[in-house]
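Note sheet for the following structure.
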Amino acid sequence: MKIKSNINNHDDDLALWQDLRDGNEKSFSIIFEKYYPHLIRYGNSFSPFTEKVQDCVQDVFADLWLYRSSLNETVFVKAYLLSSVRKRMTRLQERDYIFNKSTSLKSIDFLTDFSIEHDLIADETTAYNVANMNNLINSLPARQKEALFLRYHHGLGIDEIADTLQVNYQSANNLLYRAVLNLRKGWKEKLLLILALSTILF
Amino acid sequence: MQDRNNFTDIEDFLSNESFRRWVRFQVDDEKWEDWTLEDPQRAKLVEEARLWILAMNISENSVSKLEIERAIENTWNKINNKASKLAETAEDSSYFWKNNWVRSAAAVIVFGMLGSWFYQQNDFLSNSSPIYNELIAENLEGLVEQTNNSNKPQIINLSDGSSVLLQPNSKLSYPKIFIGKERKVYLSGEGFFEISKNPKKPFFVFANEIVTKVLGTSFRIRAYDNQPNIEIIVRTGKVKIISNNTVAKFNKDEIELLPNEALRFVRKNLEFNKITDITTDTTLSSSNNTIEKLSFNFSDTPVAQILKTIEQAYLVDIDFPIEKLKNCHLTTSLNDQPLPEKLKIICRSLGNNTSYEMNGNQITISSEGCD
């Protein structure tokens with residue numbers, strides 16, 4: 001089975017996690033190196049201030065080490081880290097809001113746009129379709145987009161998404177469901193339009 | 001895991017890791033392709049799922065190894081700061097220090113650290129060459145290594161148009177093609193670097209304990225394993241020097257050098273000495289090599305003479321049609337260019353019918369004379 005490598009990866013992570021809990025600095029570094037870029041990427045999707053994001057991600061790791069003895073034994077490491085970064089970013093934003101009134105909202109928004117894998121597209125029809133789909137995805141509400149990102153880019157499960165977004169299971173499930181539904185609907189309309197146009201033209 | 005024969009929705013495909021890998025990286029170890037072709041209805045679904053994945057790419061910004069290393073270092077600093085704050089609040093500090101046991105434990109730790117520091121220092125001198133090998137081992141780009149075993153400098157042209165004049169008994173490792181947002185090469189020994197300008201892709205030279213970062217400039221690095229110092233001498237442009245993380249614990253600063261400035265890293269003390277005027281430093285000025293002494297500012301100079309200067313500087317042979325170029329004169333400044341760039345500029349100035357070809361240290365210029 002193909003999923004093997006993913007499971008192995010998961011096992012590797014767990015082994016590293018155990019060692020980290022026992023105070024192994026090397027395991028800490030390996031986890032750091034492995035996930036730091038992903039976490040920076042995720043953090044950057046909430047804030048344009050890259051230095052703040054770096055600071056925040058490093059704080060997450062610092063706390064991970066300092067409070068290692070109170071960490072859970074089994075955990076989906078990537079999901080845990082993504083969720084920690086998001087929670088910390090949220091707290092920072094709230095603090096900024098209280099002290100500086102610099103932001104209008106207390107929740108943070110996922111601002112990253114999905115892009116197109118141009119390299120894998122050979123023909124014009126596909127290119128056109130993918131561009132349409134990409135437009136649809138990027139016009140989804142921020143939270144739906146974020147749910148898609150966590151689900152399909154990082155492979156998080158529903159309960160991990162719920163934990164990361166700090167909502168209950170049902171809401172997380174709904175977010176994903178609505179995202180897919182919206183895309184479906186938009187896609188069908190586009191297809192019909194294309195169909196209609198082509199019948200007019202020929 | 002659900003059997004894929006029961007897949008009915010796009011989501012079934014999207015959440016399947018193996019399927020995603022097949023679409024994005026063409027890794028098909030579960031025979032998705034064959035499976036798709038088995039059933040036309042299925043093929044339609046697969047095609048749509050593929051469309052979704054292609055439209056949902058996230059461009060990962062690459063974070064360089066150097067950045068990650070700095071981030072880890074930073075994080076350890078944070079941990080130490082936080083830990084000491086936690087200790088302060090947890091314990092009444094005066095009580096803490098009155099405790100004899102704690103005091104002697106602290107003393108043991110301090111002496112232990114001093115001891116291991118001295119030990120590490122000795123270690124440094126006795127086996128310093130592994131640093132180069134370790135650095136190479138860390139790089140996964142697939143490096144080419146060139147060693148100069150001859151008795152004269154050797155020219156190396158890099159894929160980005162930069163050139164390196166490698167001194168005897170020195171070696172340079174570099175990727176065939178520079179990929180990613182950085183250009184990285186590894187030096188053991190001595191070389192004169194002329195780097196083609198590209199502000200978007202900084203150029204790093206890892207020379208044992210020292211990392212030199214530039215955007216486009218020329219400079220010399222002298223980092224032999226068996227010598228007490230590492231030296232960097234800047235000819236043009238601006239150069240930044242960071243210590244590699246093996247010594248970063250001792251010195252975290254970034255040092256900037258301007259033309260005619262130099263830096264000496266004393267391995268014994270892990271110390272940086274900046275030399276602001278290289279002419280006053282006797283060892284540096286006496287060992288200064290030919291290429292830095294030659295001027296590449298030419299005003300109305302016969303092309304033959306310009307090419308002669310280049311031959312001297314880079315220790316190359318240049319073959320050119322002497323008769324056809326005898327009346328050609330050029331006014332140009334080539335100080336800041338790597339060798340290929342210098343040749344390109346000369347050829348362009350001579351006219352459209354001039355071109356050059358380079359084969360090792362043999363350069364052939366073909367020309368019909370100047371316009």
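Just so it is clear, none of the values below were taken in a lab; they were calculated from the coordinates. Please read these numbers as outputs of a predicted model, since none were measured by experiment. Cβ sites come from the backbone with ideal geometry, for glycine too, and all protein chains shown count toward neighbours.
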Requested in this report: Please tell me which of these pairs span more than 24 angstrom C-alpha to C-alpha: A:Lys78/B:Lys44; B:Lys308/B:Lys344; B:Lys176/B:Lys344; A:Lys26/A:Lys145; A:Lys188/B:Lys31; B:Lys274/B:Lys342?
Outcome: A:Lys78/B:Lys44; A:Lys26/A:Lys145; A:Lys188/B:Lys31; B:Lys274/B:Lys342
Query raised in the report: Counting only other chains, what is the mean number of Cβ atoms within 10 angstrom of the Cβ of each residue in peptide A:149-162?
Result: 2
Query raised in the report: Per 5 Å bin from zero, what fraction in whole % of the C-alpha pairs of the stretch B:294-366 is there, up to the bin with the longest pair?
Result: 3, 16, 32, 30, 16, 2
Requested in this report: Going by C-beta contacts inside 10 Å, put B:Ser163, B:Ser59 in order with the fewest on the left.
Outcome: B:Ser59, B:Ser163
Query raised in the report: In vacuo Debye scattering of the stretch A:3-100, one point per C-alpha: log10 I(q)/I(0) at q = 0.10, 0.13, 0.24 Å⁻¹?
Result: -0.29, -0.48, -1.27
Query raised in the report: Dipole size in debye (nearest 20) for the stretch A:3-100 around its Cα centre, Lys and Arg Cβ +1, Asp and Glu Cβ -1?
Result: 300 debye
Query raised in the report: Can you sort B:Lys213, B:Lys308 by how many other beta carbons sit within 10 Å, fewest first?
Result: B:Lys308, B:Lys213
Report summary line: In terms of the alpha carbon gyration tensor, root eigenvalues a ≥ b ≥ c, rounded if a/c is under 1.5 and otherwise prolate when a/b exceeds b/c or oblate, the stretch B:4-55 is rounded
Query raised in the report: Considering the dipole of the stretch A:3-100 built from charges on the beta carbon (Lys and Arg +1, Asp and Glu -1) around the Cα centre, which of A:Ser27, A:Met89, A:Phe46 is farthest to its positive end?
Result: A:Phe46
Query raised in the report: By count of other Cβ within 10 Å, fewest leading, how are A:Lys145, A:Lys188, A:Lys52 ordered?
Result: A:Lys188, A:Lys52, A:Lys145
Query raised in the report: So what's chain A giving for Cα Rg divided by 2.2 N^0.38 Å, two decimals?
Result: 1.22
Requested in this report: Can you pull the one-decimal nm distance between simple spin-label points at B:Asp225 and B:Glu33, each 7 Å off the Cα toward Cβ?
Outcome: 4.6 nm
Report summary line: Expected integer from the mean partner chain Cβ neighbour count at 10 Å over B:61-72 is 4
Requested in this report: Could you run the Debye sum over the Cα atoms of the stretch A:51-171, one equal point scatterer each and no solvent, and tell me log10 of I(q)/I(0) at q = 0.16 Å⁻¹, two decimals?
Outcome: -0.93
Query raised in the report: Given only helices, namely DSSP H runs of n ≥ 4 each adding -39500 (n - 2.57), what is the per-residue ellipticity at 222 nm of chain A, to the nearest 500 deg cm²/dmol?
Result: -24000 deg cm²/dmol
Query raised in the report: How big is the C-alpha Rg of the stretch A:118-201 next to the rule-of-thumb value 2.2 N^0.38 Å, as a ratio?
Result: 1.32
Query raised in the report: Once the Cα atoms of helix A:3-21 and of chain A are each reduced to a long axis, what angle between those two axes, in degrees from 0 to 90 to the nearest 10, is obtained?
Result: 30 degrees
Query raised in the report: Under 16 Å Cα-Cα from B:Lys200, which lysines qualify once same-chain neighbours fewer than 8 residues away are excluded?
Result: B:Lys181, B:Lys184, B:Lys213, B:Lys238, B:Lys240
Query raised in the report: Where does the stretch B:131-290 land on Rg(C-alpha)/(2.2 N^0.38 Å)?
Result: 0.96
Report summary line: Net charge near A:Arg21 (other residues with Cβ under 14 Å of its Cβ; Lys, Arg +1; Asp, Glu -1) is -4
